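What follows is a single structure, written as structure tokens, with notes after it.
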Amino acid sequence: MTERRAVLSGSAFEEQIGYARAVVDGDWVHVSGTTGFDYTTMTISDDVVQQAEQCLRNIEAALTEAGCGFADVVRVRYLLPDRADFEPCWPVLRRCFGEVRPAATMMVCGLADPRMKIEIEVYARRVTT
């Protein structure tokens, strides 16, 4: 039987909406769409690049708790309400994914809160021995 467990970040959203930051299912780690909120203070920057950096810190924490890291990411999805905000984030994204080269998609769509300028979702595969 495969291991399945939830990884929680402590975000108020997880409790209010009813989801986990990530789900570990065997070797696979599915990280929910993650925004630029600092989940300890539930604050968010107005700057899209700072939001992207916080998204990645939040994702890294979930991946670490799940037993993997950015090197294990095989798929990433970027969601932004304004396509013009994507390119300024590229250097930040390249720092985490430039060597890994996961499959990626960028979509323009509305997000749950108008303060949110980017949301990032990843799938990773843990290396097990």
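The values are calculated or read from the model by the stated rules, or taken from the named source; none is laboratory data. Bear in mind that the values here come from a model prediction, so they are computed numbers and not experimental data. When we count neighbours, we look across all protein chains shown, and the Cβ atoms used for this are built from the backbone with ideal geometry, even at glycine. Side chains included, ligands, DNA and RNA excluded: accessible areas come from the protein's heavy atoms. Shrake-Rupley method; radii C 1.70, N 1.55, O 1.52, S 1.80 Å.
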Run through every distinct alpha carbon pair of segment 88-129 and return the Kirkwood hydrodynamic radius in angstroms, one decimal place. 12.8
GluC sites (Glu not before Pro), restricted to segment 20-129: which are DSSP loop and have at most 15 other Cβ atoms within 10 Å? Glu99
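For n ≥ 4 DSSP H runs only, could you compute -39500 (n - 2.57) per run for the chain, divide by its residues and tell me the 222 nm figure to the nearest 500?
After summing the helix terms and dividing by the residues of the chain, the value is -8000 deg cm²/dmol.
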The chain - accessible surface per residue (Å², probe 1.4 Å): 55
On the protein heavy atoms, probe 1.4 angstrom, tell me the percent of accessible surface of the chain carried by carbon and sulfur. 51
Based on C-alpha coordinates, I'd like the Rg and Dmax of segment 4-125, in Å. 13.4, 38
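Could you size up the charge dipole of segment 4-125 around its Cα centre, putting +1 on the beta carbon of Lys and Arg and -1 on that of Asp and Glu, and report it in debye to the nearest 20?
Dipole size: approximately 340 debye.
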With everything on Cα atoms, drop me the angle between helix 48-66 and the longest principal axis of the chain, reported from 0 to 90° to the nearest 10. 10
